[in-house]
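Bear in mind that the values in this text are calculations on the coordinates, not laboratory data. Predicted, not measured: the structure shown is a model, and the values here were computed from it. We place every Cβ from the backbone using ideal geometry, glycine too, and count neighbours over all the protein chains shown.
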Amino acid sequence: MAGYQVAPLSRLVEQFERLPGIGRKTAQRLAYHVLQLPKKEAENFAQAILDAHEKIHYCSVCCNLTDQELCSVCRNEAREKGVICVVEDPRDVAAFERTHEYSGAYHVLHGVISPLGGIGPDQLKIKELLDRVNRGGVKEVIMATNPTVEGEATAMYLSRLLKPLGIKVTRLAYGIPVGGDLEYADEVTLSRALAGRQEF
């Protein structure tokens, strides 16, 4: 009986197990939950995944995720376009937006420079950032990469590229622990880090 398996269920468990932070037992729990959903709910769940894949792409300005040409921040005329907060991941944008303290623009790198991970500058959205700055109107770029070795190295690399262009480059004042992720930081810590940023 221990060897008894239902192939479609096993495949479903395997797919859940591939998700970050999901172990075998959680994957099994999720698979059984999905199995117990009414057919219509299961179809809606599957369709939501397909819709996300088909309709979500990068904003043509800041490289954040959107289902339109521009993301909601870039479409918002009230935002201060002369200040750009550079983050690693779209989840970091969501974290800053929860603070309701930041009124500038963003730029999403979609990663950090990591030689050990085989990620170089060309694999990040750095060229797009430089293009934005070169178009003019940018006064300050805030480095808001995570306080990790890779995050710091990426911030330093970008700073070296931006400073010769006459741009003020600042770094978040971290009340955020080294090795921590911005997406898990609370709103107060993020607000303080943003307010206490320093020139890089």
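Observations on the structure shown:
- Across the range 22-27, rounded Karplus estimates of 3J(HN,Hα) from the backbone phi angles (6.51 cos²θ - 1.76 cosθ + 1.60, θ = phi - 60°) give 9, x, 4, 5, 5, 4 Hz, Gly and Pro being marked x.
- With each label modelled as a point 7 angstrom along the Cα→C-beta vector, the Q5-D131 pair spans 4.6 nm.
- Proximity of backbone amide H atoms, modeled 1.01 Å from N, is registered between I142 and I84, C85, V86, T170 at under 5 Å, excluding neighbours fewer than 5 places apart on the same chain.
- In this structure the amide hydrogen of G104, modeled in the peptide plane, comes within under 5 Å of the amide hydrogens of E80, none closer than 5 places in sequence on its chain.
- Gaussian network model of the chain, Cα within-10 Å springs - most flexible of H110, H33, H57: H33
- Computed on the chain, with alpha-carbon pairs under 8 angstrom and 6+ residues apart, the relative contact order is 15 percent.
- Multiplying each eigenvalue of the alpha-carbon gyration tensor of the chain by 5 and taking the square root yields semi-axes of 38, 19, 16 Å, largest first, rounded to whole angstroms.
- Computed label-point distance, nm, for sites L19 and A46 using a 7 Å Cα→Cβ extension: 1.7 nm
- In summary, the aspartates and glutamates within cross-link reach of K40, defined as a Cα separation below 20 angstrom excluding same-chain residues under 8 places away, comprise D51.
- Fluctuation leader among V112, V34, V141 - the chain, Gaussian network, Cα springs under 10 angstrom: V34
- Vicinal HN-Hα couplings computed from phi for the range 99-109 (Karplus, 6.51 cos²θ - 1.76 cosθ + 1.60; Hz; Gly/Pro x): 6, 6, 9, 10, 10, x, 9, 10, 9, 9, 7
- Backbone HN-Hα couplings from phi across the range 141-151 [Karplus 6.51/-1.76/1.60, Hz, Gly and Pro as x]: 10, 9, 7, 10, 6, 5, x, 10, 4, 5, x
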